[in-house]
1. What are the semi-axes of the equivalent ellipsoid of the chain, taken as the square roots of 5 times the eigenvalues of the Cα gyration tensor, listed largest first and rounded to whole Å?
2. Please rank 305, 8, 152, fewest neighbouring Cβ atoms within 10 Å first, as an exposure proxy.
3. Once the Cα atoms of helix 154-163 and of the chain are each reduced to a long axis, what angle between those two axes, in degrees from 0 to 90 to the nearest 10, is obtained?
4. What's the Cα-based Rg to Rh of region 217-288, Rh via Kirkwood?
5. Can you tell me what share of the DSSP beta bridges in region 8-298 is antiparallel? A percent to the nearest 5 is fine.
6. Do the sum for the chain: with -39,500 (n - 2.57) for every DSSP H run of n ≥ 4, divided by all residues, what is the mean residue ellipticity at 222 nm, to the nearest 500 deg cm²/dmol?
7. Can you tell me the dipole magnitude for the chain around its Cα centre, using point charges on the Cβ only (Lys, Arg +1; Asp, Glu -1), in Debye to the nearest 20?
8. So, R0 is 22 Å and r is the distance between the beta-carbons of residue 292 and residue 180; what FRET efficiency does that work out to, to 0.05?
Amino acid sequence: MKTDVPIWLGLADIGTRKDRRESFAAMDAFFEAGGRQFDTAHCYAAWQENGEGVSERLFGEWIAERDVRNEIVIATKGGHVGFGHYPRPERYLNPELVRRDFDESLQRMRVNRVEVYFYHRDHRAESIENLAGFMSSLFAEKLIGHAGISNWTAPRAKAMAAALPKVKYWQNQWSLGQPNWKPNDHEGATRFHLEEDFAVAEECGYVLTPYSSTANGFYGSNGQNGSTFDSADNRKRLERVNQVSEQTGFTPNQVALMFLLSQPFPVQPIIGTLDPERIVELLSISFQRLSQDALAFLDLRTDIWTP
């Protein structure tokens, strides 16, 4: 079995929307299908009362019970703006605060280092030099293997790559579907990838690790799920996903994920489903690719596609 699967399992909902048994079943299914990369965050799942830290703690229990620490890649994130049951100061990306986030994340997961550490949001009041310096200190202490940024704009991502050549991962929302909400310029905002991001990613050598990678199930449910992706253009994309599915034998959900995996630059999507059957379905196409013509057809850039 190949274990270099270029897909991450998102753990935002373990222990909350999914109970312990269901969460363990999902992580087991991912691991048994060859998945080794797991993504969580300090703030998960503070959108629910008493939810902060639940994801990291339960993940830590799974790691210990399955004795897999040396076989997996852990990514977590700190430095998130305040929301819901997650109060934060105005300078939520202050390196001193992020260090507390980091140390607490390690304690929750019962590990002494992580393979990837992300800034979960950006805050332009914090200088790139200070942010790069903090990540450099984690490298110096051998606490992280790689650095990453999440929900950052292209100019700041480019500046970070210049200041910290070891930064590797860039995690914004991205899928075949275009969200039906507009990005804003507020500090700490959720961001989806814009066209300008891809040139910066290639120039700087980023690996993109997008979340909401199957448009929240919009394509896999024939448009019944993923309401934030319900638009006229995405309905057209849905028709084309179904057409490609019929011609290739891949499921619509697989086609949607393959849109990202088939890009001409490195992409390692995060899947958010915790349904073991869906996890196995998606990991089964980890090394399958669509043609560039198929990508253009799916994304409405051409009306011509020959299977």
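1. For the chain, the semi-axes come out at 30, 23, 18 Å.
2. Numbers: 305 17, 8 26, 152 22.
By the 10 Å Cβ count, ascending, the order reads 305, 152, 8.
3. So the helix axis and the longest Cα principal axis differ by about 50 degrees.
4. Numbers: Rg = 12.0 Å, Rh = 12.7 Å.
Over the Cα atoms of region 217-288, Rg/Rh equals 0.95.
5. Details: 1 of 28 bridges.
Rounded to the nearest five, the antiparallel share is 5 percent.
6. Values: 10 runs with 116 residues, N = 307.
Per the formula, -11500 deg cm²/dmol.
7. Working: 33 positive and 41 negative charges, 60 e Å.
Charge dipole, the chain, about its Cα centre: 280 debye, nearest 20.
8. Values: r = 27 Å, r/R0 = 1.21.
The calculated FRET efficiency here is 0.25.
Since every read-out is calculated from the coordinates, none of them should be taken as a lab result. Since the structure is predicted, the reported quantities are computational estimates derived from the model, not experimental observations. Because the Cβ atoms are built from the backbone with ideal geometry, glycine has one as well, and the counts that use them run over all protein chains shown.
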